[in-house]
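Student: Can you read through this structure? Questions will come right after.
The values are calculated or read from the model by the stated rules, or taken from the named source; none is laboratory data. Keep in mind that what you see is a predicted model, and the values were worked out from it rather than measured. As a convention, Cβ positions derive from the backbone with ideal geometry for all residues, glycine included, and neighbour counts pool all protein chains shown. Ligands, DNA and RNA are excluded from the accessible area calculation, which covers all protein heavy atoms including side chains. Shrake-Rupley method; radii C 1.70, N 1.55, O 1.52, S 1.80 Å.
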Amino acid sequence: MAGKVFFSVTMSLDGFMAPEEVPVEDVFSPGGRHDPRVRRWMAKWSELQAWVFPLRFFRENLKLGEGGEEGLDNDIARATYERTGASVMGRRMFDAGELSWPEEAPFHTPVFVVTHTGRDSWERPGGTTFHFVTDGVESALEQAREAAGDRDVRIAGGAETIQRYLDAGLVDEFSITLAPVLFGTGIRLFDHVDPDRLALTQTRADASSRVTHLTYTTAKR
């Protein structure tokens with residue numbers, strides 16, 4: 001039996017999953033750290049994701065050394081990774097990751113990149129291979145399902161790619177980790193999702209000392 005299609009993201013309390021957009025080339029350019037926009041973006045992103053950095057699983061997966069925090073947050077992060085048999089992401093997320101991920105990318109499964117520009121598959125150490133899909137989100141999902149077998153497919157991001165899968169009714173469930181930060185502006189997860197086409201049921205709510213994890217199943221209206 002095929003697994004589920006899901007996504008899991010961290011969100012600010014005022015509904016943003018990323019700070020205001022800054023071009024990838026600016027963030028990773030040699031002078032990027034001197035750009036006030038980039039410094040502001042990095043500070044906000046780090047604040048949003050601060051809950052995950054100390055986790056034992058995070059440190060192990062990125063080979064940052066032994067040790068790290070255990071508990072609820074660590075268990076959820078590990079379970080999200082272990083259920084995932086393949087991932088799908090948009091080209092913009094891949095472009096940023098190609099510049100920032102370590103040589104051994106943190107997925108360790110096939111990743112299908114939705115793009116308008118073809119490219120040969122890119123194999124990385126540790127089991128991650130990026131495949132570039134030019135014929136749409138449904139094709140990328142079909143290939144990811146085949147690669148995942150009976151495990152789940154994660155829609156890794158970014159926001160626009162997740163929105164396209166939500167609007168197409170292709171997401172079975174999702175989890176939002178609410179972080180106690182306020183952005184004011186940025187990229188909203190649900191900005192372009194048609195609310196008349198999507199019904200949600202909350203199935204879990206787990207709170208740690210840092211964040212709250214909310215899980216929902218989806219259905220078409």
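Student: Which of the residues belonging to region 2-20 are aliphatic (A, V, I, L, M), over 18 Å from Ala77 (Cβ atoms) and either at pLDDT 95 or above or assigned to a loop (DSSP other than H, G, I, E, B) (or both)?
Tutor: Ala2, Val5, Leu13
Student: Failed condition for Glu82, given (1) open to solvent by less than 80 Å² (accessible area, probe 1.4 Å); (2) in a helix (DSSP H, G or I); (3) modelled with pLDDT of 95 or more, with all others met?
Tutor: The single condition Glu82 does not satisfy is (1).
Student: Take Asp194 and tell me if it is in contact with a Lys or Arg (Cβ under 6 Å, 6 or more places away or on another chain) and open to solvent by 30 Å² or more (accessible area, probe 1.4 Å).
Tutor: When the stated conditions are applied, Asp194 does not pass them.
Student: So which pairs qualify, if the first residue must be in region 47-69 and outside any helix (DSSP H, G or I) and among the β-branched types (Val, Ile, Thr), the second must be modelled with pLDDT of 90 or more and surrounded by 14 or more Cβ atoms within 10 Å (Cβ to Cβ), the Cβ gap must be under 8 Å, and the two must be at least 6 apart or on different chains?
Tutor: Val52/Thr10; Val52/Phe58; Val52/Asp73; Val52/Ala77
Per-residue answers, yes or no, for (1) modelled with pLDDT of 95 or more; (2) under 18 Å from Phe112 (Cβ atoms):
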residue	(1), (2)
Glu142	yes, yes
Asp150	no, yes
Gly169	no, no
Val211	yes, no
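Student: For region 70-79, name all the residues that are assigned to a helix (DSSP H, G or I), open to solvent by 50 Å² or more (accessible area, probe 1.4 Å) and more than 20 Å from Gly127 (Cβ to Cβ).
Tutor: Answer for region 70-79, where residues must be assigned to a helix (DSSP H, G or I), open to solvent by 50 Å² or more (accessible area, probe 1.4 Å) and more than 20 Å from Gly127 (Cβ to Cβ): Leu72, Asp75.
Student: Ok, one more. Quick check, is Val111 assigned to a strand (DSSP E or B), aliphatic (A, V, I, L, M), modelled with pLDDT of 95 or more and touching a Ser or Thr at 6+ places or on another chain (Cβ under 6 Å)?
Tutor: Yes: the conditions hold for Val111.
Student: Also: For region 21-36, enumerate the residues that are modelled with pLDDT of 70 or more and either charged (D, E, K, R) or under 30 Å from Arg83 (Cβ atoms) (or both).
Tutor: Glu21, Asp35
Student: Something else about it: Across region 148-159, what is the number of residues that are under 15 Å from Thr10 (Cα atoms), surrounded by fewer than 22 Cβ atoms within 10 Å (Cβ to Cβ) and charged (D, E, K, R)?
Tutor: Count: 0.
Student: A further question on this structure: How about region 179-190: which of its residues are under 14 Å from the mean Cα position of the chain (by Cα) and closer than 17 Å to Val52 by Cα?
Tutor: none
Let's see how each residue does on (1) out of contact with any strand residue (DSSP E or B) (no Cβ under 6 Å at 6 or more places or on another chain); (2) in a strand (DSSP E or B):
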residue: Pro125; (1), (2): yes, no
residue: Phe130; (1), (2): no, yes
residue: Tyr165; (1), (2): no, no
residue: Phe174; (1), (2): no, yes
residue: Val181; (1), (2): no, no
residue: Gln202; (1), (2): no, yes
residue: Arg210; (1), (2): yes, no
residue: His213; (1), (2): no, yes
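Student: Mind listing just one residue for me: the one in region 115-141 that is closer than 26 Å to Val38 by Cβ and β-branched (Val, Ile, Thr) and, of those, nearest to the chain's Cα centre (by Cα)?
Tutor: Thr115
Student: When you go through (1) at pLDDT below 95; (2) exposed (fewer than 14 other Cβ atoms within 10 Å of the Cβ) one by one for Ala207, which number turns out not to apply?
Tutor: (1)
Student: Could you identify the single residue in Asp150, Asp196 that is assigned to a helix (DSSP H, G or I) and either more than 17 Å from the chain's Cα centre (by Cα) or among the aromatic types (Phe, Trp, Tyr) (or both)?
Tutor: Criteria check complete, one pass: Asp196.
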